[in-house]
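Before any comments, here is the structure.
The values are calculated or read from the model by the stated rules, or taken from the named source; none is laboratory data. Just so it is clear, the model here is predicted, and its values are computed rather than measured. Don't worry about glycine lacking a Cβ; one is built from the backbone with ideal geometry, like all the others, and counts go over all protein chains shown. These area figures cover heavy atoms from the full protein model, side chains too; ligands, DNA and RNA do not enter into them. Shrake-Rupley method; radii C 1.70, N 1.55, O 1.52, S 1.80 Å.
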Amino acid sequence: MPIKLMAASRKRPGLTRADYQRYLEFVHGTIARRERMKIRSYIQNHVIDGAFGTLADATHQQVADRDAVVELCFDNFTDMLATLEPATPSAASQDGKFFADECTNVIVMAEEEELPVPRPLGAFNPGLGIVEGVGALKVLHFVMRDEEVYPEDFVAAWRAAHELALEKAPFARDQLRRCVLNRRSRANDNDGAARKHFKMVDPPVYDIVVSHWYDTLEQAGAFRQYLDALQSISPRFADWSRSFFLYTRQVVIIRDTPRLFDATGTYATALCLPGVVADPRDTSGYRCGLRLARKPNSPPHKHLQASNTALAFHASCAIHQGATTMQPATVERESQLSYGAWRRSTRAKSRQPALTEAQRSRPFAKYLDDPIEAPDPAHFALMDEPCDPAKAIGPERINDLLDPGYLEVEIGWCNLPDGTGFIANRMLYPDITAEMIDWWFAWHTLEDLRYRIWYPPQHAGIMISPASRARILDPNIPIAQKNWGVVHHVTENCDNGMDNIDIRFMSPQDFGFDMSRWKKPHVAAFAGGEGWAVSVDKTDESITAPALMCHIFREVPGGLEHRTRFWMGCRMSQGRPESTLPPGVRVPREAVQGLARHNVKEFTRFKTFLPRVHAEFGDRFEV
């Protein structure tokens, strides 16, 4: 999937804004054209004006001045890493010190989404400026998430607020010609390479950057009307004091946008969404150089369908308090914490304190006192040394798990040739059914204690967002689907110290499985997704171990067979896996082996633990 890297910078001491922008376009831009590397598109946005924070702030809460935002687009994550960290340092990476205050750079690694606007520009008008078809003024809005809001809920909250703001701001609604949402994708924000390239020091994190286009600078007031409406919407979801917007002039440095005629003769981009037609005169940027207009009778795009979900989320969830409205008070609902409160609590949880009186009164607390069964020695010994990488499979061969029989490595671990970590494990559960698996992976998300009793020596706690909690508790969602799109925020020790691990569960289709083969006897249940981990003692949000996780189950003589695969250092992009590791980097051996051993231990416990818990509580989620 295409990746965009956005970098907001300011001029170095001694330069005027005009000096800086002239150098950026004509010197640095020329260097970029000559080197090119793996860049698909390079856009410079030269700042005309901007504002930081709010009128209620007595002073700026961070470095406020910005003079340009560059947008670098790549076909995939690997191309981005190859460009940022070539074998020989690039001239572009060494050039920044001549014009930019590099240590204050801000970056966002994003995937973009075109949003519909009420009144797109109906016809090409060359008098509107250098950006054909969408107008001359481009406003970049950097929105920082409020620290109490869950990252997975933030975009839904912004969508709802955006739609409401456009309703409240009729001038903005009428003047907006185009809108692009650039979403920070934390699963691929392993940003060490970007930090090194742009020479940043502890940059602030922005989860979204929204690009708004208007006809001319005279329409800037339309954006201010929209912004006032957006900031007035409650509950608060953004840190407006650390958010900012920039009025900019777009300058194209490099652009390759493949175009073709579709079957009807309509001129469209090769990357056009289904049901979307493109204006051939609109060359406003990589992947989004199109004016959204649905063909007659075509279905709404998924982001339009999602807007109703966003509005429902915004109306039903008290984001800060984490309490869903109009619901009876139960332990499962009152366990909700805000994102900030959860993060602040994990250091204490990681010490696995004694249960509180309220926790001890829970009917399943007794399982915390179980004797812990040790793994089978012969099985555990297979995790002592790495297996042969030539016999392991990469994530692109995930559908091999649907074949009958077994693969060459069913229990073992290693580093694959590209440096990613591989783990395989296989367990047989005589007394567990597929229905128990689906129930467990939803049921245990609702309280810390439910996660702790699974494997008390190393599990410390769990939290999900308010929207995810509502999904888990929704009786209308099939139990096998409750976890789809839900992020489990867990605190546990995978034999390398306590980590906060965020696991975004996915449907088997989104995970890349061939759904034409998704049936018995090949598969009976599935739990998997992509995750990332940071130490509980880490203070920033950079990723230390992105990974793909796959637990797949099938019925065999003797019970339910559980086959596990992990690919550490990988992410999923539109149903296809890709490495997130810079060239020459390997996932540490101790991290791969540690997770492999942890997996054997926690699922050895699972074999006898799950049937007992399910027998007591399997008929309900609220106990």
Open item on the list: Based on this model, can you work out whether Val70 counts as at pLDDT 90 or above, under 25 Å from Gly221 (Cα atoms), part of a strand (DSSP E or B) and not small (Gly, Ala, Ser)?
Closed with: yes
Open item on the list: I'd like the full set of residues that are assigned to a strand (DSSP E or B) and at pLDDT 95 or above, limited to segment 560-608.
Closed with: Leu560, Glu561, His562, Arg563, Thr564, Arg565, Phe566, Trp567, Met568
Open item on the list: Quick check on Arg450: is it within 30 Å of Val556 (Cα to Cα) and open to solvent by 10 Å² or more (accessible area, probe 1.4 Å)?
Closed with: no
- [ ] Answer yes or no: is there a residue in segment 351-362 that is part of a helix (DSSP H, G or I), within 20 Å of Phe617 (Cβ to Cβ) and basic (Lys, Arg).
- [x] yes
TODO: Would you be able to say whether some residue in segment 516-528 is among the hydroxyl-bearing types (Ser, Thr, Tyr), open to solvent by 20 Å² or more (accessible area, probe 1.4 Å) and either at positive phi or over 18 Å from the mean Cα position of the chain (by Cα) (or both)?
DONE: yes
Open item on the list: Restricting to segment 22-48, and then to whatever is in contact with a Leu (Cβ under 9 Å, 6 or more places away or on another chain) and in a helix (DSSP H, G or I), can you tell me which residue is most open to solvent (accessible area, probe 1.4 Å)?
Closed with: Tyr23
Task: Pro521 touching a strand residue (DSSP E or B) at 6+ places or on another chain (Cβ under 8 Å), of a type outside the set (A, V, I, L, M, F, W, C), in contact (Cβ under 8 Å) with a residue 12 or more places away in the chain and in a loop (DSSP other than H, G, I, E, B) - done: yes
Task: Failed criterion for Arg159 (all others in (1) of a type in the set (D, E, K, R); (2) part of a loop (DSSP other than H, G, I, E, B); (3) at pLDDT 60 or above hold) - done: (2)
TODO: Run down Leu581, Leu610 and say which single residue is open to solvent by less than 30 Å² (accessible area, probe 1.4 Å) and touching a Leu at 6+ places or on another chain (Cβ under 9 Å).
DONE: Leu581
TODO: Sort out which residues of segment 530-556 are at pLDDT 95 or above, surrounded by fewer than 18 Cβ atoms within 10 Å (Cβ to Cβ) and of a type outside the set (D, E, K, R), and write them in order of number.
DONE: Val556
Task: Near pairs, Cβ below 9 angstrom, 6+ apart or cross-chain, from segment 93-105 (of a type in the set (Lys, Arg) and in a helix (DSSP H, G or I)) to any residue that is at pLDDT 90 or above and surrounded by fewer than 19 Cβ atoms within 10 Å (Cβ to Cβ) - done: Lys97/Arg12
